[in-house]
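Take a look at the structure below.
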Amino acid sequence: VSQSRYKTGGTSRLKLDVGGVTRYATYTSGTGTTNFTYRYTVQANDEDLDGLAVTSPLELNGATIANASSTSGSLLLTPPNTSSLKVDARATTIASNTVPANGTYVSAQNLDFDVTFTEPVAVSGTP
C-alpha cells in the first residue's frame with residue numbers, strides 16, 4: 001500500500017546526465033500525495049542525442065521526504081529507460097558559404113550565394 005509523502009525544507013532533485021553534463025530536475029509539486037513532479041528546463045547548448053540519463057538516488061538537497069508518521073521514504077529509484085529522450089538545444093551555425101565567381105555581372109544575371117548549415121534547417125517566411 002502506497003502512503004502519501006510529505007516534503008519539507010529544501011528542494012529535492014533528480015540528477016540527470018545530459019550529454020555528459022550533470023543537470024538537475026527539481027521538485028515542483030506533489031507533497032501530501034504518492035506522486036512528486038520534478039522539472040528540468042533544457043538550457044541553451046544542451047545536447048544529448050543518445051538519450052539523457054536519470055541517476056539514482058533522489059537527492060534531498062536540504063529537503064525531507066517522509067510519510068504522515070514521519071518515516072523517511074526510500075530515495076532509491078530504478079532509473080527509467082530514457083534512451084528516447086533526446087536533447088538538441090545547440091544553435092545551428094553556418095558551416096560554410098560560397099560566393100559567385102569573380103567577374104562583372106550585368107542586368108538580369110543572378111548572383112547565387114550558397115550557405116551550408118551544420119544541420120538541416122527549415123525556413124519560414126522570407127529569410
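The values are calculated or read from the model by the stated rules, or taken from the named source; none is laboratory data. Just so we're clear, the structure is a prediction, and the values are computed from it rather than from any experiment. Glycine also receives a Cβ, built like all others from the backbone with ideal geometry; neighbour counts cover every protein chain displayed. Note: areas computed on protein heavy atoms with side chains; ligands, DNA, RNA excluded. Shrake-Rupley method; radii C 1.70, N 1.55, O 1.52, S 1.80 Å.
Every test in (1) open to solvent by 90 Å² or more (accessible area, probe 1.4 Å); (2) modelled with pLDDT of 90 or more; (3) of a type in the set (S, T, N, Q) is passed by Ser74 save one, and that test is (2). Annotation note: Cβ proximity below 8 Å between a residue of segment 98-127 that is closer than 23 Å to Asp88 by Cα and a residue that is open to solvent by 90 Å² or more (accessible area, probe 1.4 Å) (sequence gap 6+ or interchain) occurs for Val115/Ile94; Val115/Asn97; Thr116/Ile94; Thr116/Asn97; Phe117/Ile94; Thr118/Ile94.
Evaluate segment 42-64: report whether one residue or more is open to solvent by 90 Å² or more (accessible area, probe 1.4 Å) and either more than 28 Å from Arg23 (Cα to Cα) or part of a strand (DSSP E or B) (or both). Scanning segment 42-64 turns up no residue that is open to solvent by 90 Å² or more (accessible area, probe 1.4 Å) and either more than 28 Å from Arg23 (Cα to Cα) or part of a strand (DSSP E or B) (or both). Residues that are in a loop (DSSP other than H, G, I, E, B) and open to solvent by 80 Å² or more (accessible area, probe 1.4 Å) within segment 77-95 comprise Thr78, Asn81, Ser84, Leu85, Lys86, Arg90, listed in sequence order.
With Thr98, Thr37, Thr26 as the choices, which residue is surrounded by 10 or more Cβ atoms within 10 Å (Cβ to Cβ), within 30 Å of Asp112 (Cβ to Cβ) and not aliphatic (A, V, I, L, M)? So that I can check it myself, show each step before the final result.
Values: Thr37 fails: within 30 Å of Asp112 (Cβ to Cβ); Thr26 fails: within 30 Å of Asp112 (Cβ to Cβ).
Every option except Thr98 fails the conditions.
For segment 6-23, taking the residues that are in contact with a Lys or Arg (Cβ under 9 Å, 6 or more places away or on another chain) and either under 13 Å from Leu58 (Cβ atoms) or of a type in the set (Phe, Trp, Tyr) (or both), the one that is least open to solvent (accessible area, probe 1.4 Å) is identified as Leu16. Among residues of segment 23-46 that are among the hydrophobic types (A, V, I, L, M, F, W, C), those with a Cβ under 9 angstrom from a residue that is in a loop (DSSP other than H, G, I, E, B) and surrounded by 11 or more Cβ atoms within 10 Å (Cβ to Cβ), sequence gap 6+ or separate chain, pair up as Ala25/Tyr40; Phe36/Ser12; Phe36/Gly30; Val42/Ala89; Ala44/Ala89; Ala44/Arg90.
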